[in-house]
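Student: Before anything else, here's the structure in question.
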Amino acid sequence: MTRTSGTQWVAECFWPGVREEDLRDLDRRIVGTLSELAGRGKPVGYLGSLRITDDDVVLFLFEGPVKSVQQVAERAGIRAERILHCTRTTVH
């Protein structure tokens, strides 16, 4: 996955019946969309997804300007209910 330095966002999707294969396909579309937008000077980092199986929810984590994140989500076909600003911690 790609990474840039910047503000982080999570695209929250309600996705009943989602399978790992669906997520791999969407990951490929996201990466293709990132390449396209980076060529236009709109870099966005994709940090991966988190599937919450008990709730049929998938969270896609991005880094970059919110407008660019929205473009990636739309062009890649992420059916986001909402895109939320987020912070995260890492263990060193």
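The values are calculated or read from the model by the stated rules, or taken from the named source; none is laboratory data. Remember, predicted model here, so these are calculated numbers, not experimental data. Neighbour counts are summed over all protein chains in view; Cβ atoms, including those assigned to glycine, are modelled from backbone coordinates with ideal geometry. Only protein heavy atoms, including side chains, enter the accessible area calculation; ligands, DNA and RNA are left aside. Shrake-Rupley method; radii C 1.70, N 1.55, O 1.52, S 1.80 Å.
Student: Quick one: which residue in Val58, Val72, Val31 is open to solvent by less than 80 Å² (accessible area, probe 1.4 Å), in contact with a helix residue (DSSP H, G or I) (Cβ under 8 Å, 6 or more places away or on another chain), in a helix (DSSP H, G or I) and hydrophobic (A, V, I, L, M, F, W, C)?
Tutor: Result of the check over Val58, Val72, Val31: Val72.
Student: Taking only the range 48-92 into account, find how many residues are without any contact (Cβ under 8 Å) to a residue 60 or more places away in the chain, farther than 15 Å from Asp27 by Cβ and either charged (D, E, K, R) or in contact with an Asp or Glu (Cβ under 8 Å, 6 or more places away or on another chain) (or both).
Tutor: Our first condition is that a residue be without any contact (Cβ under 8 Å) to a residue 60 or more places away in the chain; within the range 48-92, this holds for 48-62, 65-68, 70-72, 74-77, 89-92.
Checking which are farther than 15 Å from Asp27 by Cβ leaves us with 52-57, 65-68, 70-71, 74, 89-92.
Then drop every residue that is not either charged (D, E, K, R) or in contact with an Asp or Glu (Cβ under 8 Å, 6 or more places away or on another chain) (or both), which leaves 54-57, 67, 74.
Result for the range 48-92: 6.
Student: Across the range 45-55, which residue is surrounded by the most Cβ atoms within 10 Å (Cβ to Cβ) among those that are among the hydroxyl-bearing types (Ser, Thr, Tyr) and closer than 23 Å to Leu34 by Cβ?
Tutor: Tyr46
Student: Within the range 58-68, track down each residue that is modelled with pLDDT of 95 or more and either among the hydroxyl-bearing types (Ser, Thr, Tyr) or out of contact with any Ser or Thr (no Cβ under 6 Å at 6 or more places or on another chain) (or both).
Tutor: Passing the criteria: Leu59, Leu61, Phe62.
Student: Right, next: Look at Ala11 and say whether it is more than 14 Å from Leu84 (Cβ to Cβ) and surrounded by 14 or more Cβ atoms within 10 Å (Cβ to Cβ). Write out each step before concluding.
Tutor: On the way: more than 14 Å from Leu84 (Cβ to Cβ): no; surrounded by 14 or more Cβ atoms within 10 Å (Cβ to Cβ): yes.
No, not satisfied.
Student: Please go through the range 38-55 and pick out each residue that is among the charged types (D, E, K, R) and part of a loop (DSSP other than H, G, I, E, B).
Tutor: The initial filter retains those residues of the range 38-55 that are among the charged types (D, E, K, R), namely 40, 42, 51, 54-55.
Matches in the range 38-55: Arg40, Lys42.
Student: Out of Leu37, Leu26, which single residue is touching a Pro at 6+ places or on another chain (Cβ under 8 Å) and surrounded by 14 or more Cβ atoms within 10 Å (Cβ to Cβ)?
Tutor: Numbers: Leu26 fails: touching a Pro at 6+ places or on another chain (Cβ under 8 Å).
Of the residues listed, the single one that is touching a Pro at 6+ places or on another chain (Cβ under 8 Å) and surrounded by 14 or more Cβ atoms within 10 Å (Cβ to Cβ) is Leu37.
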